[in-house]
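Take a look at the structure below.
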Amino acid sequence: IECLVKQCRGLQMTKWQNEDEPFQTFAQASLDLCSAYRVAASLYEPLGGSSKSAQHTGVKELSAARMHLQGIIKMSREKFGHTAVFGQLQQCLQEILNMG
């Protein structure tokens, strides 16, 4: 996950908000990151018990994914709201919200 976070941070420095190709690249990296967050959160589900630390970690991962996606969606809605990858970002956010 840490490598994907660093990749997204690096891509945030590009002109992703203004140009199609950088947006597509950043959006795909963000989808990959949030997919990894979902997998990580699912690994922390307690097995037959209620481990508070396990639940907390899963919530932390989902929260990070939710905040990341909400920020991208908000900043890109006007210019890229019509694109397929924008729809994928919205769908991924909905899946994250359904998990939490």
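Results for (1) at pLDDT below 95; (2) surrounded by 14 or more Cβ atoms within 10 Å (Cβ to Cβ); (3) basic (Lys, Arg), shown as yes or no for each residue.
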position	(1), (2), (3)
TRP16	yes, yes, no
GLN28	no, yes, no
SER53	yes, no, no
HIS56	yes, no, no
VAL59	yes, yes, no
ALA64	yes, yes, no
ARG77	no, no, yes
ALA84	no, no, no
LEU97	yes, no, no
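Listed by first and then second residue, the pairs linking a residue in region 5-29 that is within 18 Å of ILE73 (Cβ to Cβ) to a residue that is open to solvent by 70 Å² or more (accessible area, probe 1.4 Å) and aliphatic (A, V, I, L, M), with Cβ atoms under 8 Å apart and 6 or more places separating them unless they lie on different chains, are GLN17/MET75.
For every residue, the table says whether it meets (1) farther than 21 Å from LEU97 by Cα; (2) of a type in the set (Gly, Ala, Ser).
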{"site": "ARG9", "(1), (2)": "yes, no"}
{"site": "PRO22", "(1), (2)": "yes, no"}
{"site": "GLN28", "(1), (2)": "no, no"}
{"site": "ASP32", "(1), (2)": "no, no"}
{"site": "ALA40", "(1), (2)": "no, yes"}
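Within region 58-73, the residues that satisfy the criterion of being of a type outside the set (A, V, I, L, M), closer than 11 Å to LEU89 by Cα and without any contact (Cβ under 8 Å) to a residue 24 or more places away in the chain are GLN70, GLY71.
The values are calculated or read from the model by the stated rules, or taken from the named source; none is laboratory data. Since the model is a prediction, treat every value here as computed from it, not as a measurement. Counting neighbours? That spans all protein chains shown, and the Cβs are built from the backbone with ideal geometry, glycine included. These accessible areas exclude ligands, DNA and RNA; they are computed on the full protein's heavy atoms, side chains included. Shrake-Rupley method; radii C 1.70, N 1.55, O 1.52, S 1.80 Å.
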